[in-house]
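Contents: one structure, followed by commentary.
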Amino acid sequence: MFFFEKLQQIVVDEPDLCFIADRYKSIANGIARFYNHAHQRYCMRHHEFKNKCPEAAFVLEHEIDFEKWSRAYFLGNRYDVMTTNIAESLNAMLIDEREYPMAFIFNSIAKRFGEFFRERHAYVLKSKDNKIVPCAERIAIENMIKGESLYVKSVIGDDNQFIMFGIGSTANVNLLVKSCFCREYNLVKIPYAHTMAALRSKHGDEYDMSIYEYSLLMYKIEAYLLAYSESINVVPLESEWCVPEEILELTILPPLANTKLGRKKRKRVKGVSENFKSKRRNKYLICKRPGHKRTTCMNNNKA
């Protein structure tokens with residue numbers, strides 16, 4: 001609970017906030033107590049449940065509910081690229097630098113992120129004549145091609161709701177709330193094939209210009225350039241620091257900690273689900289087979 005008390009001072013409780021975690025009761029209790037508007041979902045990885053473990057698939061489908069683990073049924077906005085542990089990402093990026101002084105580590109982080117910002121800003125700047133970023137433009141073009149073979153009809157008296165041909169009597173595409181029965185449009189926020197067919201039915205053959213207004217603002221060139229427009233400054237030299245006198249007079253002791261015996265680990269321990277490189281096994285020179293030596297070789301015993 002102490003963690004969530006401190007976290008609440010930094011992270012605001014809002015509907016767009018999402019916690020992805022394992023099914024630990026303490027985490028669920030903390031979220032329920034301190035974050036009433038945020039969403040909590042479970043992290044499910046590495047599994048093809050129906051093939052490998054039918055019992056687990058049954059629990060996921062009938063007991064946990066799809067909203068807890070399926071992106072298609074998730075109530076909040078969650079995109080297709082998600083880093084669930086930023087600390088591990090930074091550890092991998094700064095595997096050597098973290099042994100150096102703290103100021104050097106912060107400068108390394110600022111330098112790396114500054115390079116990322118400049119690269120991405122320059123990449124989008126080349127396509128400033130477009131209305132959306134290049135990756136979103138490619139997805140929109142592919143969806144337009146897929147939607148050319150589909151047929152929809154609008155609901156009588158409503159030019160924002162459309163029924164897919166041969167699917168049913170309910171509106172399957174709703175342009176007003178930006179939703180589609182396949183939920184591809186809901187998730188990616190770029191008009192999918194079914195939505196493209198609905199836009200073509202509404203705007204005619206020149207519907208391609210209407211695609212941009214039905215895409216999420218996040219994909220617009222202006223929004224992308226604005227996100228990477230700020231500069232990231234490094235920590236200045238200690239001789240240039242301007243520190244108040246009352247801070248300089250303070251005596252700050254290091255925190256109490258139990259020092260463990262043995263050499264400090266530089267690399268983290270891999271999880272049980274991560275791939276390990278197989279160790280090289282020695283071969284016996286006579287029979288050329290691995291895993292044994294001269295005294296245990298069957299060929300020598302037979303001889």
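Looking across the stretch 167-189, the residues that are open to solvent by 60 Å² or more (accessible area, probe 1.4 Å), assigned to a loop (DSSP other than H, G, I, E, B) and of a type outside the set (A, V, I, L, M, F, W, C) come down to 169, 170, 178, 183.
Can you tell me which condition residue 202 does not meet? The list is (1) at pLDDT below 85; (2) of a type in the set (Lys, Arg); (3) out of contact with any Pro (no Cβ under 9 Å at 6 or more places or on another chain), and all the others hold. With respect to (1) at pLDDT below 85; (2) of a type in the set (Lys, Arg); (3) out of contact with any Pro (no Cβ under 9 Å at 6 or more places or on another chain), residue 202 is out only on (1).
Any residue in the stretch 93-107 that is of a type in the set (S, T, N, Q), open to solvent by less than 90 Å² (accessible area, probe 1.4 Å), in contact with a Leu (Cβ under 7 Å, 6 or more places away or on another chain) and in a helix (DSSP H, G or I)? No; the residues of the stretch 93-107 include none that is of a type in the set (S, T, N, Q), open to solvent by less than 90 Å² (accessible area, probe 1.4 Å), in contact with a Leu (Cβ under 7 Å, 6 or more places away or on another chain) and in a helix (DSSP H, G or I). In the stretch 190-208 there is no residue matching the filter, namely being more than 17 Å from residue 154 (Cβ to Cβ), among the aliphatic types (A, V, I, L, M), surrounded by fewer than 18 Cβ atoms within 10 Å (Cβ to Cβ) and in contact with a helix residue (DSSP H, G or I) (Cβ under 9 Å, 6 or more places away or on another chain). Kindly indicate whether residue 160 is assigned to a strand (DSSP E or B) and within 30 Å of residue 226 (Cβ to Cβ). In short, yes. Looking only at residues in the stretch 126-135 that are touching a helix residue (DSSP H, G or I) at 6+ places or on another chain (Cβ under 8 Å) and either of a type outside the set (D, E, K, R) or under 16 Å from residue 229 (Cβ atoms) (or both), the one that is surrounded by the fewest Cβ atoms within 10 Å (Cβ to Cβ) is 128. Scan the stretch 133-160 for residues that are touching a strand residue (DSSP E or B) at 6+ places or on another chain (Cβ under 6 Å) and closer than 24 Å to residue 217 by Cβ and the total you get is 0. Are any of the residues in the stretch 233-248 open to solvent by less than 60 Å² (accessible area, probe 1.4 Å), at pLDDT below 85, closer than 30 Å to residue 88 by Cβ and in contact with a helix residue (DSSP H, G or I) (Cβ under 9 Å, 6 or more places away or on another chain)? Within the stretch 233-248 (the criterion being open to solvent by less than 60 Å² (accessible area, probe 1.4 Å), at pLDDT below 85, closer than 30 Å to residue 88 by Cβ and in contact with a helix residue (DSSP H, G or I) (Cβ under 9 Å, 6 or more places away or on another chain)), the answer is yes, since at least one residue qualifies.
Given the options 264, 279, 288, 260, name the one that is at positive phi, open to solvent by 100 Å² or more (accessible area, probe 1.4 Å) and at pLDDT below 85. Give the derivation first.
Values: 264 fails: at positive phi; 279 fails: at positive phi; 260 fails: at positive phi.
The unique qualifying residue is 288.
Looking only at residues of the stretch 136-154 that are among the hydrophobic types (A, V, I, L, M, F, W, C) and loosely packed, with under 14 Cβ neighbours inside 10 Å, we find that the one that is farthest from residue 229 (Cα to Cα) is 145. Could you identify the single residue in 23, 41, 33 that is of a type in the set (Lys, Arg), at pLDDT below 75 and exposed (fewer than 14 other Cβ atoms within 10 Å of the Cβ)? Just a single option satisfies the conditions, and that option is 23.
Among the residues of the stretch 108-125, are any modelled with pLDDT under 80 and exposed (fewer than 15 other Cβ atoms within 10 Å of the Cβ)?
no
Scanning the stretch 6-38 for residues that are under 17 Å from residue 69 (Cα atoms) and out of contact with any strand residue (DSSP E or B) (no Cβ under 8 Å at 6 or more places or on another chain) turns up 16, 24, 25.
Among residues of the stretch 12-33 that are without any contact (Cβ under 8 Å) to a residue 24 or more places away in the chain, those with a Cβ under 7 angstrom from a residue that is of a type outside the set (Ser, Thr, Tyr) and part of a helix (DSSP H, G or I), sequence gap 6+ or separate chain, pair up as 19/31; 21/27.
The values are calculated or read from the model by the stated rules, or taken from the named source; none is laboratory data. Computed from a predicted structure; not experimentally measured. Glycine gets a Cβ as well: all are built from the backbone with ideal geometry, and neighbour counts include every protein chain shown. Just so you know, the surface numbers come from the protein's heavy atoms only, side chains and all, with ligands and any DNA or RNA stripped out. Shrake-Rupley method; radii C 1.70, N 1.55, O 1.52, S 1.80 Å.
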